[in-house]
Amino acid sequence: MKNIHLDKRTAKDIDQHIDRVHRDLGYTDGMIMLPQVRELLRLDLHYYQLDDPKLLDEVVHKLRVGAKQVINRPGLLLDAVRKFDLNALFIPDGKRILIDGRVPDLKKRWYESHEVAHSLIPWHAEYMLGDDKETLSQSCHQFIEAEANYGSGRLLFPHNNFTEARLSSEISIDHVRKLAKHFGNTITSTLWRCVEQSEHAIFAAVGEHPKHYCEGNSKIEYFVRSEKFEQQFQNVCEEDIWGWKQSYCGYNKSGPLGCSEIQVADIDGELQVLLMESFSNSHNVLTLGCWVRPQPIQVFF
Ligand SMILES: [Zn+2]
């Protein structure tokens, strides 16, 4: 799956809502504390378990109190959760965030801030559960999700502080890990944010370990490109990255897996050099690729 870049106007609109939260929190630096964000925005958080119908019923029952939508049609919530295979959702009536209790703790932070972003983007309220007429089409759903992911990134990586920290050193997986620690977020979400914000032609890939591949899994789950990379290397696809990873990654199951320079033709057919680097967090392999220079034309006599 590739990332979607929002148009400038939408991004700016979302920025304003998020920047206001940072101002109201009195944010200075470091990790954003989500309980404080919830308190500020008067949001309510619940956990549910899809494989435990009693628990979900209980959540739905609680929602009957404040949420008109769910009072009228309790099945709506269950349908939405099942249909989209959701790990988390936001119920505008009653301002409730629901998160699947089985989601690993580190990921809960990302899911929660994603739902906070839904709650902050005014035009999302009417889409959240849909109704009879307005069932979400797949492409509409993708845009809404891309907007929430953008808002979530912006919330957890406050713009000015993150930009300054990001530019304080050359981009590398080591630098990404330091940034992740400083802002209290996962390495994956930090890598994603670094690439999306970059002015250079760079990409990130999150996927399987090339030397310990489980058949049936998606080899490259996410392929995140900076705007410049998307323009210059539109021809590069997930299969290419998988092939390159296979050529240089070591067999160790966690930690740094290696790095290598790769030659690749850009969209104009000019040969370019990318520096690739991979790291395993023992669940996924994270790969960073950066354009370094054009490949000099070789003349043979
Ligand atoms: Zn969402």
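Reported count of residues in the range 229-238, each being open to solvent by 10 Å² or more (accessible area, probe 1.4 Å), assigned to a helix (DSSP H, G or I) and closer than 15 Å to Q263 by Cα, is 1.
Selection of first residues in the range 148-171 that are loosely packed, with under 14 Cβ neighbours inside 10 Å and of second residues that are in a helix (DSSP H, G or I), restricted to Cβ pairs under 6 Å at least 6 apart or on distinct chains, gives the following pairs, ordered by first then second residue: S169/H175.
The single residue among L63, L106 that is hydrophobic (A, V, I, L, M, F, W, C), out of contact with any Cys (no Cβ under 8 Å at 6 or more places or on another chain), part of a helix (DSSP H, G or I) and modelled with pLDDT of 65 or more turns out to be L106. Of all the residues in the range 257-282, those that are aliphatic (A, V, I, L, M) and open to solvent by 60 Å² or more (accessible area, probe 1.4 Å) number 3. Considering only residues that are loosely packed, with under 12 Cβ neighbours inside 10 Å, of a type in the set (D, E, K, R) and in a helix (DSSP H, G or I), which ones fall in the range 21-43? Within the range 21-43, R23, E39 meet the criteria. Selection of the range 170-217 for residues being of a type in the set (F, W, Y) and in contact with a Lys or Arg (Cβ under 6 Å, 6 or more places away or on another chain) yields only F203.
The values are calculated or read from the model by the stated rules, or taken from the named source; none is laboratory data. Keep in mind the model is a prediction, meaning the values are calculated, not measured. FYI the Cβ positions are ideal-geometry reconstructions off the backbone, even for glycines, and counts take in every protein chain you see. Note: accessible area is taken over every heavy atom of the protein model, side chains too, but ligands, DNA and RNA are not part of it. Shrake-Rupley method; radii C 1.70, N 1.55, O 1.52, S 1.80 Å.
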